[in-house]
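Here is the structure we will look at.
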Amino acid sequence: MKFTRVKGVIGFTVLTAVLLSACAPQTVVVTKEVEKQVEVTKVVEVEKVVQVEKVVEATPIPAAIIKVTSTNGPDENSGVQLARHKLLTLGFKEIRPDVEIVANPSPFDAATFPARLAAGTIEDTYLVAFTEPQNMIANGYAADITDLLSKWEGFKSFNPGVLQVVQDANGRVYGLPVNGYAIGLLYNRALFEEAGLDPNKPPLTWDELRETAKTIKDKTGKFGFQLMPATGEGGWLFTAIAYSFGANLIEKKDGKWVATYNDEATVKALTLLKEMLWNDETVKLVQDGVAAATSLTNGEAAMHIKAPDLLFWMHDNLGAKVENYGEGPMPQAGGNATLTGGAAWLFSPKASPEVLQAAVEWSLYRDFDLATYELDLKTKKERGELIGIPSLPLFTGDYQAKRDEILKQYVNVPLENFAPYMNATNITMKPEPPVEAQKLYTELANVLGAIASDKNADPQSLLDESVKMFQAQVLDQIK
C-alpha cells in the first residue's frame, strides 16, 4: 500500500498521532480514518517522552483510479488542442481526483464499432453524428444515462428538438448533444454588391435564388451558385434542398422503412438544379467541400448551401475575411424546412456504473461548465479565432441565457451579417434521415452526378431507378 505525507488542510482524511510516555523507545501507532474504518498504516520508533495529540486534514488518497476512455481526443500535432485538453483535465481533476481521462484522437467508426463493442475494446464514450443515435439505441449500443443527466442543472433547459435525437420512444436519454447546425445560404456579400444587389437581403425562395444567380452571372461574370455532385457531402446538401421543397426522402410505412425520394417535391428540386446548370449556366460544379469553400472565398461563386460554421474553416485555412460574407435562411419552395444536424456523445453499455457516471460528469464539465465555456471563449479570442458565428441553440431558458450573457463579452464578428439567418424562426428544423443516412447521401450524390454529366438526363427516371435500387439493397436489409 502506498502512502503520502500530509500536505495541508485539503480534503477529509484524518490522521491522529498519539505518542505514549515512556523512558525507553516506544511504539507509536499512526492510524487513518476513512469512512469510519480504522487501519494501521505504519509503525515508528521514538526515543523521547512526548505527549502530543494532533488532528490534521490531508489530501484524500483515492482507493482506486477510475479510468474513462473517449474518442475524439486532441490531435497530437496541434498545440492548441493539446493545451486545451490538458487545461480541462487538470480542472476536472480538482472535482474528481479519482478519475483519469484517456482520450483517443481517433473518431467513431461505425464499421468497426459492433465488433469492438463485443470484444470489449470500445471507448467508454464516443462522439457520433446525429445520424447514428437512433440506430445505436435500438441495437443496444448506447447506455441509458437519463438518471445521471437529469441531476445536472442545465438538463431541463435542453432544446427538446435537439434532445429527441438521443431519446427513445419512451423519452429515456442515451446521449449528450454537444453541437448542432441548421443549413442555410452562405453568400459572398462583395459579389452581391458588385452585381448591384443588396447584401443584407439574400434570396428567400428558390425562384429568387435562381434570379439572383442570373443577375450575378450577367453583372460579374461569376457563378451565382455551386453544386457538389462527386461526394456524399453533395448528397447531404441536396437533402437540405429537397426538404425545402417538401420532400421526406425516407418514411416508415406499416413498420417498414420506405424510400420516397422519387416524389414530386424531390423531382422539382432536382429539375431546378438541372435547369440552373444547363439552361442558365449559373452553377459551378465543385469536387468537394474544400473546393466549394475555396471558390466562395476567391469570389468565383456567390452562393453556397451550407451552415455558417463553414466560415471558421474559411477564416482559418483560406484567410477569408468574415465581414465579406453573410448567411441567409434556406431558400424555400413549399417545404418550409431545412436540414439540421450535429453531434452527440454516447456512452458504452458495457461501462461499469462508476465509469459511466465519471464519463457523463467529464462530458458535462468539458462541454457545458459555464466557467470552462468562458475560459474557452477568452483563449479563442486571444488566439484571434472567430467568436459569435451562429449555430443551432442546444438550450433554451435560463441556462441558455447565461451562456448568451457570457458570449456577448467576446463576440468579434459582425452579427448583423447573420441577421437574416437568425431571424428566420418560422422555418422547421428537420433532422437527417432516420436510417442509413450516409448511404443515402452517397446515392443522392450519384444522382446529382448523372444530372451534371448529361444535360438530357430525366430527373424522374433517375430518381425512380435510384429509389428501386436503394430500397432493395439498403432499406430492405434492415432487420
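Only the coordinates and a few stated rules stand behind these numbers; no lab work does. It should be emphasised that the depicted structure is a prediction, and the values quoted were computed from it without experimental measurement. Backbone-built Cβ (ideal geometry, glycine too); neighbour counts: all protein chains shown.
Below are the figures for this structure:
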read-out: Peptides 381-387, 361-367 ordered by average Cβ neighbours within 10 Å, highest first; value: 361-367, 381-387
read-out: Positive minus negative residues near G235 (Lys, Arg vs Asp, Glu; Cβ under 10 Å); value: -1
read-out: Semi-axis lengths, Å, the chain, gyration tensor of Cα atoms, sqrt of 5 times eigenvalues; value: 56, 26, 17
read-out: Computed lengthening from A169 to L407, 0.36 nm per intervening residue step minus Cα-Cα distance; value: 82.2 nm
read-out: Assigned charges on the beta-carbon of Lys, Arg, Asp, Glu; the chain dipole about Cα centre (debye); value: 920 debye
read-out: Fully extended contour minus Cα-Cα distance, from T146 to E416, at 0.36 nm per residue; value: 93.3 nm
read-out: For segment 345-384, Kirkwood radius (reciprocal of mean inverse C-alpha pair distance, Å); value: 11.6 Å
read-out: Over 24 Å (Cα to Cα) - which of K268/K468; K156/K252; K86/K156; K256/K439; K256/K455; K93/K151 fall in this group; value: K156/K252; K86/K156; K256/K455
read-out: Cα-based shape type of segment 124-194, given that a ≥ b ≥ c are square roots of the gyration tensor eigenvalues and the cut on a/c is 1.5; value: prolate
read-out: Highest to lowest packing among 455-462, 266-273, 75-82, scored as the average C-beta count within 10 Å; value: 266-273, 455-462, 75-82
read-out: Antiparallel bridge percentage (DSSP; both residues within the chain; nearest 5); value: 75 percent
read-out: Tensor-based shape of segment 333-436 (alpha-carbon gyration tensor, a/c under 1.5 rounded, otherwise prolate or oblate); value: oblate
read-out: Qualifying aspartates and glutamates (Cα of each under 14 Å from Cα of K253; at least 8 residues distant if same chain); value: D476
read-out: Segment 393-479: mean projected area of Cα convex hull, nm²; value: 10.4 nm²
read-out: ³J(HN,Hα) computed for each position of segment 392-404 - Karplus, 6.51 cos²θ - 1.76 cosθ + 1.60, integer Hz, glycine/proline x; value: 6, x, 7, 10, 9, x, 4, 5, 5, 4, 5, 5, 5
read-out: MRE, 222 nm, helices only [DSSP H, n ≥ 4, -39500 (n - 2.57), over the chain, to nearest 500]; value: -11000 deg cm²/dmol
read-out: Under-5 Å amide H pairs with Y325, H placed in peptide plane, nonlocal only; value: R189
read-out: Local net charge near V467, Cβ-Cβ under 11 Å (Lys/Arg +1, Asp/Glu -1); value: -3
read-out: Mean shadow area of segment 176-297, taken as a quarter of the surface of its Cα convex hull (nm²); value: 9.7 nm²
read-out: Sites A110 and L90, calculated FRET efficiency, Cβ-Cβ separation with R0 30 Å, nearest 0.05; value: 0.35
